[in-house]
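The values are calculated or read from the model by the stated rules, or taken from the named source; none is laboratory data. Since the structure is predicted, the reported quantities are computational estimates derived from the model, not experimental observations. Using ideal geometry, Cβ is built from the backbone for each residue, glycine included, and neighbour counts are taken over all protein chains shown. In case anyone asks, the SASA skips ligands and DNA or RNA and just uses the protein heavy atoms, side chains included. Shrake-Rupley method; radii C 1.70, N 1.55, O 1.52, S 1.80 Å.
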Amino acid sequence: MLEQFEGAATIEKVASLCRRRAFVFPSSDIYGGLGSSFDFGHYGVLLNDNVKGEWRRSLIQERDDVVALDSAIILNPEVWVASGHVAGFSDPLVDCRTCKLRFRADQLEQSACGKRPSKHPGEIPDCDLTEPREFNLMFETFVGPVREDASRAFLRPETAQGIFVNFKNITSSMRVKPPFGIAQIGKSFRNEITPGNFLFRMREFEQMEMEFFVPPAEAEEWHRYWVEARRRWHLDLGLRESHLRVRPHELSELSHYSSATSDIEYLYPIGWLELEGVANRGDYDLRQHSEASGTTLEWIGHEERYVPYVIEPAISVVRATLAFLCDAYDEEVVADRPRTLLRLHPRLAPVKAAVLPLIGKDTAMVEQARGLYEDLRKSMSAEYDDAAAIGKRYRRQDEIGTPWALTIDEQTLDDGTITLRDRDTLQQERIPLDGAKRLLLDKLEQPWQPRA
Ligand code: ATP
């Protein structure tokens with residue numbers, strides 16, 4: 001088992017590239033920022049969209065047993081009482097009477113004293129800690145004009161509950177039958193107290209969750225199936241196999257709703273951490289909501305009637321994006337010049353193709369290049385760039401992870417061919433301008449070999 005991240009990335013280097021190249025900015029930056037909050041710039045938006053698109057493709061588009069949902073962020077507060085979140089969605093916290101900081105009691109070994117920060121995490125020398133107290137992670141708000149207990153509501157800490165409370169709407173309006181899934185992507189909010197490592201732990205983040213409803217006797221088998229299917233998804237999108245492991249939860253770690261959970265962990269440059277959780281939630285949620293709402297949530301077939309068990313793969317967009325960025329980040333020296341690049345899977349890359357006229361002032365080249373770019377962008381995210389020396393333009397595209405650069409030069413004007421430059425191998429080949437779009441669309445469909 002690897003203990004050290006293999007590759008050139010550190011969280012600091014990835015964060016610095018993200019800021020320099022408009023992927024991620026600190027939130028409310030000009031006011032000094034806000035803890036564990038980030039804003040996404042142009043390329044960050046495109047990358048996150050591609051991550052979500054690949055999730056939807058594998059779970060919804062390429063299957064016929066999963067349907068989509070987009071439920072509200074603020075639900076009837078009774079949902080959170082029934083789900084157990086009001087009583088049980090908490091972390092055990094300890095306060096320090098000396099440095100006044102608050103730590104997660106289960107993460108003391110990763111904490112540092114506020115007064116005398118130590119180089120060694122876990123050393124909190126002068127801290128005088130209180131007994132642990134439970135701290136609820138849900139953000140509260142008020143619905144309507146009156147700030148009173150009756151109008152108190154919560155920002156959802158997970159998207160799953162919106163799925164459970166729609167179980168009846170969906171089973172009665174769609175052609176579904178267990179085993180089937182309901183998939184949803186949307187913002188969740190948690191008042192996390194431990195400051196995050198860049199994107200790893202945020203207070204506001206998008207989750208991608210799927211609740212897969214199965215006959216109870218098949219739950220264990222489906223749990224195994226989804227752990228492997230989700231692990232495969234990460235591998236197919238380029239994460240190194242040696243950077244992924246599956247860790248079943250100990251009994252003491254299980255959430256209040258779960259009868260078994262396996263984490264898919266990724267070896268971030270800061271160590272092995274949870275990338276995705278795959279939980280067997282049993283029939284806990286449907287039963288709780290049936291009881292609390294008075295609406296029976298069960299499956300009624302021709303000959304059978306039961307409360308399905310639920311298998312839930314849950315991951316946030318940011319934890320996936322951060323893992324893809326760390327795995328893709330690379331530095332190398334080519335012809336005595338350093339280059340930084342993101343070896344992202346082409347389907348994840350924010351920009352698929354850059355179209356570059358070799359000489360930006362050459363009208364004929366510019367005309368050909370603009371024509372190609374305007375045709376390409378109808379089918380994929382593309383960029384046109386005619387400023388600066390060609391080497392500089394290539395390096396900029398390498399840093400944002402653009403897999404292919406198409407260069408129009410003098411020969412194009414003679415014979416209609418262009419140069420296709422590959423980001424990873426740096427190989428250049430001549431291809432007909434006319435067939436360029438078809439070629440790239442085909443490449444996007446093919447399996448991709450990272451670091452081949
Ligand atoms: P952790 O133990 O790291 O706090 P968790 O076990 O509470 O995570 P779950 O409740 O299982 O997380 O949430 C499902 C998924 O949502 C996680 O696997 C992770 O990908 C993501 N996630 C949870 N909390 C955060 C957060 N604060 N910031 C970003 N992503 C998060």
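Summary table below
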{"quantity": "Filter result for Val176 (in contact with a helix residue (DSSP H, G or I) (Cβ under 9 Å, 6 or more places away or on another chain) and either assigned to a strand (DSSP E or B) or more than 9 Å from the ligand (Cβ to nearest atom) (or both))", "calculated": "yes"}
{"quantity": "Filter result (touching a residue at least 12 places away in the same chain (Cβ under 8 Å) and under 15 Å from Asp409 (Cβ atoms)) within segment 378-390", "calculated": "Asp385, Asp386, Ile390"}
{"quantity": "Check on Asp263, touching a strand residue (DSSP E or B) at 6+ places or on another chain (Cβ under 7 Å), more than 13 Å from the ligand (Cβ to nearest atom) and not hydrophobic (A, V, I, L, M, F, W, C)", "calculated": "no"}
{"quantity": "Residues that are surrounded by fewer than 16 Cβ atoms within 10 Å (Cβ to Cβ) and under 28 Å from Gly162 (Cβ atoms), drawn from segment 85-105", "calculated": "Ala87, Gly88, Ser90, Pro92"}
{"quantity": "All positions within segment 137-157 that are of a type outside the set (A, V, I, L, M, F, W, C), surrounded by 13 or more Cβ atoms within 10 Å (Cβ to Cβ) and touching a helix residue (DSSP H, G or I) at 6+ places or on another chain (Cβ under 8 Å)", "calculated": "Arg156, Pro157"}
{"quantity": "Count - residues of segment 28-41 that are open to solvent by 20 Å² or more (accessible area, probe 1.4 Å) and free of Cβ contacts under 8 Å to residues at least 60 places away in the same chain", "calculated": "9"}
{"quantity": "Qualifying residue in segment 277-295 (condition: within 14 Å of the ligand (Cβ to nearest atom), within 28 Å of Glu6 (Cα to Cα) and either over 24 Å from the mean Cα position of the chain (by Cα) or not charged (D, E, K, R) (or both))", "calculated": "yes"}
{"quantity": "Hits in segment 106-119 - residues which are within 13 Å of the ligand (Cβ to nearest atom) and either modelled with pLDDT under 80 or open to solvent by less than 50 Å² (accessible area, probe 1.4 Å) (or both)", "calculated": "Gln107, Gln110"}
{"quantity": "Identity of the residue in segment 244-286, open to solvent by less than 50 Å² (accessible area, probe 1.4 Å), assigned to a loop (DSSP other than H, G, I, E, B) and touching a helix residue (DSSP H, G or I) at 6+ places or on another chain (Cβ under 9 Å), that ends up nearest to Asn197 (Cα to Cα)", "calculated": "Pro269"}
{"quantity": "Qualifying residue in segment 218-237 (condition: within 14 Å of the ligand (Cβ to nearest atom), buried (at least 19 other Cβ atoms within 10 Å of the Cβ) and not in a helix (DSSP H, G or I))", "calculated": "no"}
{"quantity": "Residue selected from segment 186-204 under the condition more than 9 Å from the ligand (Cβ to nearest atom) and part of a loop (DSSP other than H, G, I, E, B), by the criterion farthest from Phe135 (Cα to Cα)", "calculated": "Phe198"}
{"quantity": "Pairs with Cβ under 6 Å, 6+ apart, first in segment 256-277 and under 11 Å from Ala323 (Cα atoms) and without any contact (Cβ under 8 Å) to a residue 24 or more places away in the chain, second more than 8 Å from the ligand (Cβ to nearest atom) and open to solvent by 10 Å² or more (accessible area, probe 1.4 Å)", "calculated": "Glu265/Arg245; Glu265/Arg247; Glu265/Trp272"}
